[in-house]
Structures are given as C-alpha cells and as structure tokens.
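Engineer: The structure follows.
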Amino acid sequence: MKLTFYGAAGEVTGSKTLIEAGGRRILLDCGLIQGEGSDLRNRAPWAFDPKSIDAVIVTHAHLDHIGLLPRLVKDGYGGPVFATEPTREISHIMWEDEAKVRDEDTEAGIEPLFGQEEIDATYRLLRGANYGESVRVAPGFDVVFRDAGHVLGSAFVEMRVDGLTLVGSGDIGNDRVPILRDTEPMAEADAVILESTYGNRTHDGSEAGREDLLRRALIQTAERKAVLMIPAFSLERTQEILYELNGLVEGGAVPKMPIFLDSPLATSLLPIFKSHPECFDEQAKVLRAMGDDFFSFPGLKITHNYRNSLAIDKVKSPKVIIAGSGMMSDGRIMRHLGRYLQDSNNLLLVIGFQGQGTIGRQIVDGAEAVMIDGHTVPVRAEMRQIESFSAHGDRDKLLHWLKSSGRTPGHVFLNHGEPEAAESLAEGVRQTGEAGQVDVAMEGKEYEF
C-alpha cells in the first residue's frame, strides 16, 4: 500500500491523501487550504489526474476536508464520494456558503474555484453511510466509518484492502465537549494516519471549568455594559456554544442580555443537527426527551439577513455576538471586529484553533493591530481563550486513542498539524511505544508499508 500526502502535511488545512492499493487509487478527503496566501495554492494544478481517482472518502464536512471536492469534479472527477449521512447532508450547505463568500472573485473578474453547477454535480456523487457499516468503495477496497466525536457526522475510517487495514483518523474529537458522543476506540490496524493539530498541547480545564469561564465572561460583559464577541466555527462550535448558553440562561446563572447568532451558515445547519439525535451523547438525548430545545433560549436573536446583522450595531450594550468565521479570516465576525475590537471595555472570547496566517492567530499571538477590510484596527478588547471548547483532541487524547486498539500498529503517519505539534506528537508516540515506526508526513512524499 502506498500513501502520498498532497495536503495537511506540515500544516493543519488542506487535507488530501492519495491511497494506492489493490490496483486502486482512493483519495481520502479533498480540503481547502486556509490562511494567508491560500487562494493561489487552492488554484494550483492538481498533483494527480482527477480522472485517475477511483473513489473519494470524506471524514467530515469541515471545508479543510471537503472544500475542494467541487473543483475536483469541475476538473474531471466523476466517481463516487463516500461519507456518513450527516456529512452528506451538511456538505452541500458548506459548499454553497463557500461559493457565496467567493462571489467577490467573480465581481473582480476572477474565475471562481467552483459554482452552483459543480456543487450540485458533486452532491449527486455523494453516498451516505451509517456508522459501523462496511462499504465497498471500489473492487476489493472496503471502508467502515467510526464515530470520531469531532463534529456532527465526523468519522475516522477503517480501510481494508489486500489483507491490510489502514485507519485514517480524520479529526479526532475532544471528550470534554457537549452534544456529541465521545470518540469510538480505534480498530486494530497495520498503519494509521493520525492528525496532530494539538500534538504539543494539553487542553486546560474540565467541563465545569469551561462553563464557569463562559459564565464569568457573560457576567463581566453585563457589568461593564460591554460587547462580547465570540468568533465560532459554524459547524459544531456554534451549536456547542448555544448548548452551553442554553443551560446558563435557562438556569438563571447569567444576567439577561441580547445574544445574537449572526451566522447564516450555522443557522442553516441547526435543522440537520436536530434531525440526527442518534449522534447525540446521553445528556443531550435526555434534554431532547424532556422537550428542551438546547439551540433556543430567552434572549437569543437570530439574524436572517444582512440588514438584521447591521441592526445589531444599534442595540445598546451589553450584548453578545456569535459569528463566523472561527479563525476570524472572513464572515460576519470581520465587521464586528472592525467596530468593537478597538474598545478596551469589550471582550473577545477565542474558543477554537487559530491557523497560521489568520487574523485570529495574529490576535492570539499578541498583535497590537490587525488589518480588516483594508483598515488598521487596534487590538484593545480583552482577549480570553477557552481551550477546552476545542473540537480537537489534545496530545493526551490522541495518544490514548492510538493505544485504544489493543494492538500496536506497524506504522503511524502524522498529518494535519503544524511542524512543532507533529514533531512533538511523534516523540510522544515513540516514547510510549505505540507504533513500530513513526513518520511526520511531508508534502508530496510517497510512503509505503
């Protein structure tokens, strides 16, 4: 079996791994590169012929894993795309939202990466599968999707061909987050492709600690008559924040104030979440059985158009604004940052990973000012982080998951991490003896096992 990493090698975004075995060529994920300089890289010629691929397997519906699939189809791919059923349903919405974000390319006379025609064509190729179901994606090549606990519909995949088992982790979830079930144990495998986003970090705080940090931020926002900005990924992080806010607001633990969900994408995903309770953890299932819609609570105001978004400016503080994108690289959060980031009375709550080259990363790294829509905006608002909201497992979780199979894999390939994180996790795997051999994946390099 041969693996070639064409993305997420030495960085977090742009997952694309070509698997060659049994005379078949299978692509695992096909994601967008995100961050500074990403547009040119996303437009670069393919390192392989899209028409030569027999099947595509998708681990989950974040854009850094599915965002280039419509371009792959545009450039000649016409085979099946396999994913879990929730991922299949979510993907179409994610692609359409990305196309809207890129409408400015069309206005500037630049050909977009893809349009509605390619989105619809790609969606028709998607085949939904259930967790635990064995799916034949190509002759002699079988796949089983297992719950990764990362986002709704996320999976790690067991791929079996020629008597070998390769596990692709996709993104492994954090056990301390609400709504979804925890990650399933890993199957016995000959080789593992393991993400390393937080390979050099351990998340701080427990579930109770996370809720307390959020509660204190809300109380201080009310006391200061301030604006609390929460940049959040539209898929999963926003829904988790709503879940936590639901408990705090309905439990009377925080002062009353308007809480705006200013994210059309996150709003459009809520019905899909509600239609897949089989993915919920026990606590979420109990609340649902009691009739508690944990995505709705007193004071929550959902914007349905841009006019509604602009109207937030006229609402007196204190107020809370939840908006995408989570890395503060685009989306409606940009306008709110431009308006409120320069006021030292306000708060900015960072609850997710901030990739290299993003405004979010600049702020977390201590930038005194950032460029937003061509304007220099001073960073004066108080910035706080709650790492335990992360949807990615930390170093300890990744090592524990790797050990959960009960059998040491012969080879582990680390991807989906910045170099320091991947190298640190590689050392951890070597020290614990959880693999016969460990490689930090390099872009374009072929590996055989």
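Laboratory data are not the source of any read-out in this text; all were calculated from the coordinates shown. Since the model is a prediction, treat every value here as computed from it, not as a measurement. So basically every Cβ, Gly included, is an ideal-geometry build from the backbone, and we count neighbours across all protein chains shown.
Engineer: Based on the alpha-carbon gyration tensor of region 50-118 and its eigenvalue square roots a ≥ b ≥ c, which shape applies: rounded if a/c is under 1.5, prolate if not and a/b is larger than b/c, or oblate?
Structural biologist: The shape class here is oblate.
Engineer: So, one more: Please report, ordered by residue number, every helix of the chain (full DSSP H runs) that is 15 Å or longer along its axis going by C-alpha atoms and whose mean Kyte-Doolittle hydropathy reaches -0.5.
Structural biologist: Span-like helices in the chain: 237-250, 264-274.
Engineer: Full extension from THR267 to ILE110: what is 0.36 nm times the residue separation minus their Cα-Cα distance, to one decimal in nm?
Structural biologist: 53.6 nm
Engineer: Just name one of VAL364, ASN246, PHE260: the one whose Cα is farthest towards the positive end of the charge dipole of region 207-389 (beta-carbon charges, Lys/Arg +1, Asp/Glu -1).
Structural biologist: Highest projection toward the positive end goes to PHE260.
Engineer: Let me ask you something else. In deg cm²/dmol and to the nearest 500, what is the mean residue ellipticity at 222 nm of the chain if only DSSP H runs of at least 4 residues count, each as -39500 (n - 2.57), divided by the residue total?
Structural biologist: Value at 222 nm, helices only, nearest 500: -9000 deg cm²/dmol.
Engineer: In whole Å, how far is the Cα centre of region 225-249 from that of region 58-127?
Structural biologist: Spelled out, the Cα-based centre of one part sits 27 Å from the other.
Engineer: Looking at the square roots a ≥ b ≥ c of the eigenvalues of the Cα gyration tensor of region 22-63, which shape do they give, rounded for a/c under 1.5, prolate if a/b is larger than b/c, or oblate?
Structural biologist: Because a/c hits 1.5 or more and a/b fails to exceed b/c, region 22-63 counts as oblate.
Engineer: Quick one: dipole size for region 77-199, taken about the Cα centre, charges +1 on Lys/Arg Cβ and -1 on Asp/Glu Cβ, in debye to the nearest 20.
Structural biologist: 460
Engineer: Could you work out which residue, out of GLY251, GLY338, GLY374, moves most in a Gaussian network model of the chain, that is, has the largest mean-square fluctuation with Cα springs under 10 Å?
Structural biologist: So, out of GLY251, GLY338, GLY374, the one fluctuating most is GLY374.
Engineer: Give me the Kirkwood hydrodynamic radius of the chain, using the inverse of the mean 1/r over all pairs of distinct Cα atoms, in Å to one decimal.
Structural biologist: 22.3
Engineer: On to the next question. Relative contact order (percent) for the chain, with alpha-carbon contacts under 8 angstrom and 6 or more residues of separation?
Structural biologist: 20
Engineer: I would also like to ask the following. Of SER169, SER329, SER317, which is the most mobile in a GNM of the chain whose springs link Cα atoms less than 10 angstrom apart?
Structural biologist: The residue that fluctuates most here is SER317.
Engineer: Indicate the gyration tensor shape class of region 207-389 (rounded, prolate or oblate), computed on the Cα atoms with a ≥ b ≥ c the square roots of the eigenvalues: a/c under 1.5 is rounded; otherwise a/b larger than b/c is prolate and the rest oblate.
Structural biologist: Prolate, because a/c is 1.5 or more and a/b exceeds b/c.
Engineer: Give the relative contact order (percent, whole number) for region 1-71; include only Cα pairs under 8 Å separated by 6+ residues.
Structural biologist: Relative contact order comes out at 31 percent.
Engineer: Once you put a point 7 Å from the Cα of LYS51 and another 7 Å from the Cα of VAL101, both along the Cβ direction, what distance in nm separates them?
Structural biologist: The modelled label-to-label distance comes out at 3.2 nm.
Engineer: Let me ask you something else. Hey, got the dipole for the chain? About the Cα centre, +1 on K and R Cβ, -1 on D and E Cβ, debye to the nearest 20?
Structural biologist: 1080
Engineer: Only bridges with both residues in region 207-389 count here: give the DSSP antiparallel percent, nearest 5.
Structural biologist: 20
Engineer: Shifting gears a bit: For the cross-link pairs LYS16/LYS445; LYS225/LYS301; LYS2/LYS403; LYS2/LYS445; LYS2/LYS397, which exceed 21 Å when the distance is taken from alpha carbon to alpha carbon?
Structural biologist: LYS2/LYS403; LYS2/LYS397
Engineer: Modelled label-to-label distance, ARG41 and ARG124, 7 Å Cα→beta-carbon offset: nm?
Structural biologist: 3.3
Engineer: Given 0.36 nm per residue, what is the gain on full extension from GLU223 to LYS316 after removing their alpha carbon distance, in nm?
Structural biologist: Using 0.36 nm per residue and subtracting the Cα-Cα distance, I get 32.1 nm.
Engineer: Let me ask something else. Given R₀ = 35 Å, FRET efficiency for LYS2-ASP182 by Cβ-Cβ distance, to 0.05?
Structural biologist: FRET efficiency, LYS2 to ASP182: 0.60.
Engineer: Give, as a single signed number, the net charge of other residues whose beta carbon lies under 12 Å from the beta carbon of ILE321, with Lys and Arg counted +1 and Asp and Glu -1.
Structural biologist: Net charge in that neighbourhood comes out at +3.
Engineer: Express in nm, to one decimal, how much length is gained between VAL286 and ASP365 on full extension, taking 0.36 nm for each residue of separation and deducting their alpha carbon distance.
Structural biologist: 24.4 nm
Engineer: Considering only ALA323, ALA232, ALA129, give the residue with the highest GNM mean-square fluctuation for the chain, with springs between Cα atoms whenever their separation is below 10 Å.
Structural biologist: ALA129
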